[in-house]
Amino acid sequence: MKRADIDGIVILSQPLGDSRLPRREQERRVVRQMLSEYYGRDVAVSHHPDGAPFLSDIHDEISISHSADQVVIAIGQDKCFGIDTETLRPQLERVKEKFLSPDEQWLFPTLADKLWAWSAKEAVYKAARSEGLPLKNIRLVGDYATVDGGGVYRLTTVDCQEDSLTILAKGVTPKGRFAPSPSGRMHLGNIFSAVMSYLSVKSRGGKWILRIEDLDPQRSKEAFTRQIEDDLLWLGIEWDEGGIADIGPDGPYRQSRRSDIYEEYLNRLKATGYTYPCRCTRAEIMATQAPHSGDSRIVYGGNCRPATLPTITAEPADPHATRLYVPDREITFVDRTYGVQSTNLATDSGDFIVRRADGAWAYQLAVVVDDALMGVTEVVRGSDLLMSSAQQIYLYHLLGLNAPEWAHVPLLTAADGRRLAKRDRSMAMDSLRELYTPEQLLGRVARLAGFNPSGAAMSLPELLDAYRLLPANSTMTLSVD
């Protein structure tokens, strides 16, 4: 019998073995043997009418899953459930429309992908049902699943074979975050993103993190960090974790103080053999590459990429950036606002920097490590970062970290179409605080979000009561009149 621990859950596994006994009796015998050994005494094992074994005299949270030749048992204090996957393949074509939405059927194109998705939903269904929660809609989002009105579940694959797998669904506290850069006074666009991220996670009964993204030492100022906190508190918005005081278990919550953590994860990337030193300057890259698809993004052409990958080479002594190779692969995910998104890493992104030549940490690496280690389950942020999601999903998978749900919100623009910036004095928080009360400003934000048509003043609790998701396939920008 093999034994492992995953997030405090004891996982026991053992081959079903050959036997002349009928399948159900053999299954019960193996389960009884495994659990008797685990508990150090005889246990009683019975069968539900649907064929799933259960223990009649032990009340731990136990899940028993089996394939054609393997039994897997999960024992833990959290609500975690495996599923019987023996007949998933022949059943899948009959039930996939019940369990997988059209978007999800497209997201999971192969039979193996669909098997994973269907298994994950079944595991969440059992976990949520046991809690007596409403089962309106189960959505797979990154490495999590959400149940409308019923919480967020982290998915763990316990046992995977050619024709079966066992997935555990562990209930977790929803977490969102607001991660401003302290390079100037916040403006209305920053407040719009902050309020939407706060309302989104609080409407699910979750926690909201304030993380300060002060990676750039030249532009980041302590005074701006304090102003960010003061402006949020003026609006009545309080964070559960983070901030200057480093509230919470997963700090520090300022990126400038997390360099040792980023170093550890950069070394993990280097161990894959897919990073390499790059000495190209931005000017050189821009001179040799055309902007991508008519926007300002430049796709790196691979000038410094080694001829063969993966490869691990000694770190050169001269100044250099560290780039991460990306394959010719489609990354597909569902954004809560903009629907199904698909990006080819090679043609739409290119190899990207994870550490700059001056030693500063790149945004892509830092944000992935921080969101994963802080337990962030949903990321609500501006639509200008929508294209970054594919690079970040790639990093999550390479590093073995849990990817969150994505919900991008439109960028606010001035009447002439210009994106709001911290230099726009009329939209900066010092000006806005002179013109509005907190309730009036929140009412204006709610009108922009579409759930306060009159723009009347609203308190934060009133906003939470009225909050609803942005309409699907919203515009990428919203004009501020």
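Derivation of every value follows stated rules applied to the coordinates shown; laboratory data play no part. Because the structure is predicted, anything quoted here is derived from the model rather than measured. Because the Cβ atoms are built from the backbone with ideal geometry, glycine has one as well, and the counts that use them run over all protein chains shown.
Site pair ARG305 and ARG257 shows an inter-label distance of 3.9 nm when each label is modelled 7 Å from Cα along Cα→Cβ. In plain terms, the residue of GLU122, GLU439, GLU434 with the fewest other Cβ atoms within 10 Å comes first and the most crowded comes last, giving GLU434, GLU439, GLU122. Against the chain, whose longest principal axis is taken from its Cα atoms, helix 111-130 shows a tilt of about 80°.
Going by neighbour counts of Cβ atoms within 10 Å, the residues ASP5, ASP430, ASP216 line up, fewest first, as ASP5, ASP430, ASP216. Cα-Cα over 19 Å: which of LYS2/LYS114; LYS126/LYS207; LYS79/LYS121; LYS121/LYS175; LYS79/LYS126? Check vs 19 Å cut-off fails for LYS2/LYS114; LYS126/LYS207; LYS121/LYS175. Calculated FRET efficiency, ASN267 to VAL10, Cβ-Cβ distance, R0 = 41 Å: about 0.85 to the nearest 0.05.
Listed values for segment 176-190 are Karplus-derived 3J(HN,Hα) couplings in whole Hz (6.51 cos²θ - 1.76 cosθ + 1.60, θ = phi - 60°), namely x, 8, 10, 10, x, 9, x, 10, x, 6, 5, 10, 4, x, 5, and x replaces Gly and Pro. Would you work out if segment 388-449 is rounded, prolate or oblate? Take a ≥ b ≥ c from the square roots of the eigenvalues of the alpha-carbon gyration tensor; rounded if a/c is under 1.5, else prolate when a/b is larger than b/c, oblate otherwise. Prolate. When each of LYS121, LYS126 is scored by the number of other beta-carbon atoms lying within 10 Å, the sequence from fewest to most is LYS126, LYS121. Does segment 133-286 come out rounded, prolate or oblate, given a ≥ b ≥ c as the square roots of the eigenvalues of its C-alpha gyration tensor, rounded meaning a/c under 1.5 and, failing that, prolate meaning a/b above b/c? Taking the square roots of the gyration eigenvalues as a ≥ b ≥ c, segment 133-286 is oblate.
Checking (i) 56; (ii) 64; (iii) 53 against percent of Cα pairs over 29 Å apart calculated from these atoms, the matching label is (i). Please determine, in degrees from 0 to 90 and to the nearest 10, the orientation of helix 438-449 with respect to the longest principal axis defined by the Cα atoms of the chain, where the helix direction is its Cα long axis. Tilt of helix 438-449: around 70 degrees.
Among beta bridges identified by DSSP and lying wholly in the chain, the antiparallel ones come to about 75 percent. Shape verdict for segment 427-481, please, from the Cα gyration tensor: rounded (a/c under 1.5), prolate (a/b greater than b/c) or oblate. Oblate is the answer for segment 427-481, as a/c is 1.5 or above yet b/c matches or exceeds a/b.
Against the chain, whose longest principal axis comes from its Cα atoms, helix 259-271 is set at around 60 degrees. Only helices enter the 222 nm calculation for the chain: every DSSP H run of n ≥ 4 contributes -39,500 (n - 2.57), and dividing by all residues gives -9500 deg cm²/dmol, rounded to 500.
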